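Colleague: Could you have a look at this structure, given as structure tokens, before my questions?
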Amino acid sequence: MILTGPEITEAAADGRITISPFVPEQVNPNSYNVRLGETLLAYTDEVIDPYRSNPTSAVTLGEEGHVLRPDQLYLGHTVESVGSDVYVPLLFGRSSVGRLGLFVEITAPIGDIGFVGQWTLMLSPVRPLRVYPGMKIGQIMFFVSLGRIDLYDGKYQGSEGPQASRYWADRMALP
């Protein structure tokens, strides 16, 4: 089951869902709109290596926005800190943004139960596209879970701003 907009509002009010800041106008019939934060990261090496920490450069978005290039992966973040100890959150790009040729969160839309933080957004434009801080970039839906819940306590918990991949940390944790 998916939560409706009124249920998302009620769950945010009673603490079953964390959305901070919560803006009632961002509630949709069955999702909540999230906005693009002010920081973008881009990997700086020609080759990205999942078995090591990769260097990035940061751009702070101003009122004039920033043009995304098709040959670059950008890591953005949501303004909102979102999560739940009860529901499974899924983040998707807004259809209006997709119609501009921007892929948002194509490969990793699911959030773990127990994660609360700003969501890192994987942004890939098909052609040059200007983005602005605070623009509605995605929407989060909340699904009812079934079974015992083991809360997330992983490497991205409490994230603020965009987070580069820490895939290499998983490799380091293997016996």
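Colleague: Which one of the conditions (1) free of Cβ contacts under 8 Å to residues at least 40 places away in the same chain; (2) of a type outside the set (A, V, I, L, M); (3) buried (at least 19 other Cβ atoms within 10 Å of the Cβ) does residue 170 fail to meet, given that it meets all the rest?
Modeller: (3)
Colleague: Among the residues of region 16-73, write down those that are farther than 23 Å from residue 109 by Cα, open to solvent by 50 Å² or more (accessible area, probe 1.4 Å) and part of a loop (DSSP other than H, G, I, E, B).
Modeller: Of everything in region 16-73, those that are farther than 23 Å from residue 109 by Cα, open to solvent by 50 Å² or more (accessible area, probe 1.4 Å) and part of a loop (DSSP other than H, G, I, E, B) turn out to be 44, 45, 46, 47, 52, 55, 63, 64.
Colleague: Mind checking whether some residue in region 75-84 is touching a strand residue (DSSP E or B) at 6+ places or on another chain (Cβ under 8 Å) and exposed (fewer than 13 other Cβ atoms within 10 Å of the Cβ)?
Modeller: There is no residue in region 75-84 that is touching a strand residue (DSSP E or B) at 6+ places or on another chain (Cβ under 8 Å) and exposed (fewer than 13 other Cβ atoms within 10 Å of the Cβ).
Colleague: Another question, then. If residue 147 meets every condition in (1) more than 26 Å from residue 25 (Cβ to Cβ); (2) in contact with a Lys or Arg (Cβ under 9 Å, 6 or more places away or on another chain) apart from one, which number is that one?
Modeller: (2)
Colleague: When the residues of region 87-114 are narrowed to those that are in a loop (DSSP other than H, G, I, E, B), at pLDDT 95 or above and hydrophobic (A, V, I, L, M, F, W, C), which ends up most open to solvent (accessible area, probe 1.4 Å)?
Modeller: Looking at the filtered set, the residue picked out is 100.
Colleague: Could you list, in sequence order, the residues of region 117-175 that are farther than 25 Å from residue 65 by Cβ and of a type in the set (Val, Ile, Thr)?
Modeller: 144, 149 - these are the residues of region 117-175 that are farther than 25 Å from residue 65 by Cβ and of a type in the set (Val, Ile, Thr).
Colleague: Of everything in region 3-15, what is surrounded by fewer than 15 Cβ atoms within 10 Å (Cβ to Cβ), not in a loop (DSSP other than H, G, I, E, B) and not charged (D, E, K, R)? Give them in sequence order.
Modeller: Within region 3-15, 6, 13 qualify.
Colleague: Hey, among the residues in region 130-167 that are over 13 Å from the mean Cα position of the chain (by Cα) and among the hydrophobic types (A, V, I, L, M, F, W, C), which one's surrounded by the most Cβ atoms within 10 Å (Cβ to Cβ)?
Modeller: 142
The values are calculated or read from the model by the stated rules, or taken from the named source; none is laboratory data. Please read all numbers here as calculations on a predicted model, not as lab measurements. Virtual Cβ from ideal backbone geometry, glycine too; neighbours counted across all protein chains shown. Keep in mind that these areas ignore ligands, DNA and RNA; they rest on the heavy atoms of the full protein, side chains included. Shrake-Rupley method; radii C 1.70, N 1.55, O 1.52, S 1.80 Å.
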